[in-house]
Amino acid sequence: MPFGEQPAYLRVAGDLRQKIVDGKLAPHTRLPSQARIREQYGVSDTVALEARKVLMAEGLVEGRSGSGTYVREQLAPRGIARAAYRSVPDASPFRQEQADERVRGTWEARSEQEEATPAIAARLGVEQGGRVMRTRYVFRSEGEPTMLSTSWEPLSVTGRTPVMLPEEGPLAGQGVVERMAAIDVVVDNVVEEVGARPGLAEETMLLGGVPGHALLVIQRTYFAGRQPVETADVVIPADRFRATYHLPVK
């Protein structure tokens with residue numbers, strides 16, 4: 001294939017994509033059928049099918065069972081504000097993840113003990129198979145799911161203490177810093193690493209998205225000195241939200 005020449009399915013996908021961007025194929029409009037694409041562009045069924053797959057993978061269209069494939073509405077991404085740690089009166093889990101105080105939301109959480117996987121053990125600096133408390137959160141803003149968070153805390157630190165369960169006890173729902181301070185553990189550093197990956201079916205089902213679409217993943221770890229005391233994966237739909245960081249200048 002000469003340099004710069006595209007395969008037929010990409011040329012077809014590109015033309016349909018442009019029609020979606022230009023509004024010629026409006027949101028909620030049914031995408032031309034496979035047969036119609038074949039006739040309109042003079043391509044094979046295989047090329048027409050692959051072109052539709054490209055648009056679906058890009059999140060421009062979605063399949064509806066028994067109905068066909070439709071153009072998705074592309075909403076302008078909204079911001080999720082994040083900031084360096086600061087103590088605030090409303091120290092709820094939602095406020096810990098969303099630093100914009102104008103945004104109000106709710107959350108659901110479930111905690112259970114488990115053995116640390118190799119990856120989590122490495123992040124927490126504990127032995128593989130060591131006991132940890134895993135807590136899963138679903139966060140919503142105005143009823144819309146906005147992010148997921150799964151956190152792990154080593155029970156070698158919190159086990160048999162009043163803060164062993166993040167959402168129960170005298171400090172239920174408080175931040176990691178406040179909870180650790182209650183057991184004389186001083187958190188003095190927080191590290192966040194930001195990446196992206198395709199969404200798992202279970203994640204996108206909770207977030208109201210499509211499996212395979214991109215997720216923004218923030219891997220956060222709280223440290224007391226060199227000892228990690230909590231690590232978490234915060235998952236955000238990349239097509240609907242952006243993470244905005246507000247960091248102090250020292």
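The values are calculated or read from the model by the stated rules, or taken from the named source; none is laboratory data. Being a predicted model, the structure only gives us computed values, none of them experimental. Methodologically, a virtual Cβ is constructed for each residue, glycine included, from the backbone with ideal geometry; neighbour enumeration extends over all protein chains shown. We work out accessible area using only protein heavy atoms, side chains counted, and drop any ligands, DNA or RNA first. Shrake-Rupley method; radii C 1.70, N 1.55, O 1.52, S 1.80 Å.
Report yes if R242 is in contact (Cβ under 8 Å) with a residue 24 or more places away in the chain, under 22 Å from A57 (Cα atoms), surrounded by fewer than 19 Cβ atoms within 10 Å (Cβ to Cβ) and not hydroxyl-bearing (S, T, Y), otherwise no.
Working: in contact (Cβ under 8 Å) with a residue 24 or more places away in the chain: yes; under 22 Å from A57 (Cα atoms): yes; surrounded by fewer than 19 Cβ atoms within 10 Å (Cβ to Cβ): yes; not hydroxyl-bearing (S, T, Y): yes.
Taking the combined requirement at face value, the residue satisfies it.
Can you tell me which residue within the stretch 1-44, out of those that are assigned to a helix (DSSP H, G or I) and aromatic (F, W, Y), is least open to solvent (accessible area, probe 1.4 Å)?
We begin by selecting, within the stretch 1-44, every residue assigned to a helix (DSSP H, G or I); these are 8-22, 34-41.
Right, trim to aromatic (F, W, Y) and you get 9, 41.
Details: Y9: 79, Y41: 62 Å².
Result: Y41.
Could you please let me know if G212 is on the phi > 0 side of the Ramachandran plot and open to solvent by 50 Å² or more (accessible area, probe 1.4 Å)? Spell out how you get there, then give the answer.
Numbers: on the phi > 0 side of the Ramachandran plot: yes; open to solvent by 50 Å² or more (accessible area, probe 1.4 Å): no.
No, not satisfied.
Please state which one of V249, V185, V177, V235 is among the hydrophobic types (A, V, I, L, M, F, W, C), under 20 Å from R82 (Cα atoms) and assigned to a loop (DSSP other than H, G, I, E, B).
Numbers: V185 fails: under 20 Å from R82 (Cα atoms); V177 fails: assigned to a loop (DSSP other than H, G, I, E, B); V235 fails: assigned to a loop (DSSP other than H, G, I, E, B).
It is V249.
Provide a single number: the residues in the stretch 194-213 that are of a type outside the set (D, E, K, R), in contact with a strand residue (DSSP E or B) (Cβ under 9 Å, 6 or more places away or on another chain) and without any contact (Cβ under 8 Å) to a residue 40 or more places away in the chain.
The number of residues fulfilling the criteria is 7.
For the stretch 179-193, what are the residues that are touching a residue at least 12 places away in the same chain (Cβ under 8 Å) and surrounded by fewer than 14 Cβ atoms within 10 Å (Cβ to Cβ)?
Of all residues in the stretch 179-193, those touching a residue at least 12 places away in the same chain (Cβ under 8 Å) come to 179-180, 182-183, 185-193.
Across the stretch 179-193, the qualifying residues are V186, D188, N189, V191, E193.
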